[in-house]
1. Taking the stretch 345-369 as the search range and keeping residues that are buried (at least 16 other Cβ atoms within 10 Å of the Cβ) and among the polar types (S, T, N, Q), which one is farthest from the chain's Cα centre (by Cα)?
2. Q217 versus (1) in a helix (DSSP H, G or I); (2) under 24 Å from A177 (Cβ atoms); (3) touching a helix residue (DSSP H, G or I) at 6+ places or on another chain (Cβ under 6 Å): which is the lone unmet condition?
3. Could you list, in sequence order, the residues of the stretch 373-397 that are part of a loop (DSSP other than H, G, I, E, B) and of a type in the set (G, A, S)?
4. Any residue in the stretch 321-344 that is buried (at least 17 other Cβ atoms within 10 Å of the Cβ) and touching a Pro at 6+ places or on another chain (Cβ under 7 Å)?
5. Quick check on my filter: what residues within the stretch 225-260 are open to solvent by less than 30 Å² (accessible area, probe 1.4 Å) and in a helix (DSSP H, G or I)?
6. Please specify each residue of the stretch 370-392 satisfying the condition of being open to solvent by less than 40 Å² (accessible area, probe 1.4 Å) and small (G, A, S).
7. For the stretch 373-397, what are the residues that are among the hydroxyl-bearing types (S, T, Y) and without any contact (Cβ under 8 Å) to a residue 24 or more places away in the chain?
8. So which of A370, A317, A357, A351 ends up being assigned to a strand (DSSP E or B), of a type in the set (A, V, I, L, M) and touching a residue at least 24 places away in the same chain (Cβ under 8 Å)?
Amino acid sequence: MSADLHAPLGQGRKPAKSPRRRPSAATVIGSLALVSVLGLSTYSAVVPLPLRQFAETSPPESGVEEQTGQVSTEPAPAGSKENFTTSRPLGGAVVERTTTDDGSVVTKFSPKPRDGNGPVLIDNQRLGQDSRVAALPNDELLEDTPDGRLPIIGPDGLRPVEQYARPWSGARTTRVAIVVGGIGLSQTGSQRAIRELPEEVTLAFAATGNSLSRWMQEARRKGHEILLQVPFEPFDYPANNPGRGTLLTSDTPAESLKKLHQAMGRITNYTGIMNYMGAKFMSDGTAFEPVMRDIGGRGLLFLDDGSTARSLADSFAKAIGMPYAQGTLLLDGQPEKAAVLAKLDELERIARRNGHAIGTAAAFDETIAAIRQWSEEATGRGIEIVGVSALAAETGQ
């Protein structure tokens with residue numbers, strides 16, 4: 001950029017002219033999506049929340065121009081992406097999933113009839129959201145229920161774990177995921193975690209917390225991947241009580257799913273479920289299995305915090321074929337900055353040995369300060385900090 005571009009008009013700077021250019025047939029949607037143009041043979045389905053449609057649903061008042069620019073009412077230029085129907089890669093398929101008697105899930109893809117309306121734009125983005133709408137849910141991945149809007153797999157097979165995941169490089173370098181839980185329990189702690197932690201850190205929202213929708217929107221706008229923390233019964237319950245809505249081994253499957261759905265309905269835009277306590281519940285196959293099947297059937301991952309060796313989460317995830325991960329190390333059993341930094345160094349050594357590792361922690365002031373400092377240093381040492389979904393293996397495949 002030349003220096004005279006910064007000079008005031010009338011002092012060597014001339015108003016720049018912006019010639020109207022005809023857009024090419026291939027266009028980039030957002031900063032992440034790869035878009036291609038195909039002919040009449042392309043299957044079509046509407047991409048959730050196209051940016052132009054989102055803008056037009058909330059137009060500024062007449063004669064008012066917003067800071068981000070004015071919403072144009074002129075027709076889009078010929079050849080623009082706005083003159084095409086948009087589609088996802090599986091948009092032309094009917095996706096049917098059947099659970100067999102042994103619990104296996106069989107997925108069948110059948111083509112839909114072609115409508116013959118001409119070329120469409122194929123949005124090939126399967127991971128993450130455009131940052132400008134990351135605080136908004138994809139309506140095609142939600143169902144309305146008495147317990148709120150619950151996550152589901154979309155009509156074209158897109159899952160919430162893919163839609164709301166934080167993108168990463170894809171390089172098989174040393175990867176570390178850090179999950180900070182308890183968001184929503186403390187206003188100051190939640191605010192500090194969202195605003196001060198690096199955006200690569202995954203945040204876990206407590207289902208029993210307050211103002212979760214507000215915190216979720218701020219966290220998503222900041223770039224964080226998020227999870228929902230659901231309370232499960234520990235062995236010493238009720239002396240040690242995780243809070244209201246705790247899933248108990250004495251509950252019937254219907255009661256457990258009711259509590260799970262009430263928790264799920266509190267926010268949207270999460271990639272999966274994480275346990276809060278729950279050593280007893282997660283070791284009871286009769287109680288835990290229907291819960292895991294419901295989570296997997298909704299296209300979500302499950303993160304086991306690794307606090308109990310008796311957890312059946314791994315076995316059920318493999319049987320169901322759902323994304324699953326387990327915490328490697330609790331970072332703040334001793335919530336002092338020096339102690340947390342020492343645990344983070346240990347987590348890094350494990351990750352270098354195994355290729356990846358997951359650290360879990362709570363939103364204490366000392367923990368936040370330590371993670372922030374370590375993250376800046378670790379990035380310089382070649383560590384890639386990723387959202388937890390990047391390390392949730394497809395265990396059933």
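1. T367
2. (3)
3. Within the stretch 373-397, G382, G387, A392, G396 meet the criteria.
4. No - not one qualifying residue is present in the stretch 321-344.
5. Residues satisfying the conditions are S256, L260.
6. Of everything in the stretch 370-392, those that are open to solvent by less than 40 Å² (accessible area, probe 1.4 Å) and small (G, A, S) turn out to be A370, S375, A378, G387, S389, A390, A392.
7. Initial filter on the stretch 373-397 (among the hydroxyl-bearing types (S, T, Y)): 375, 379, 389, 395.
The answer is T379, and nothing else.
8. On inspection, the qualifying residue turns out to be A357.
The values are calculated or read from the model by the stated rules, or taken from the named source; none is laboratory data. For clarity, every value in this text was computed on a predicted model and none was experimentally measured. Positions of Cβ are generated from backbone atoms using ideal geometry, with glycine treated the same way; all protein chains shown enter the neighbour counts. Note: areas computed on protein heavy atoms with side chains; ligands, DNA, RNA excluded. Shrake-Rupley method; radii C 1.70, N 1.55, O 1.52, S 1.80 Å.
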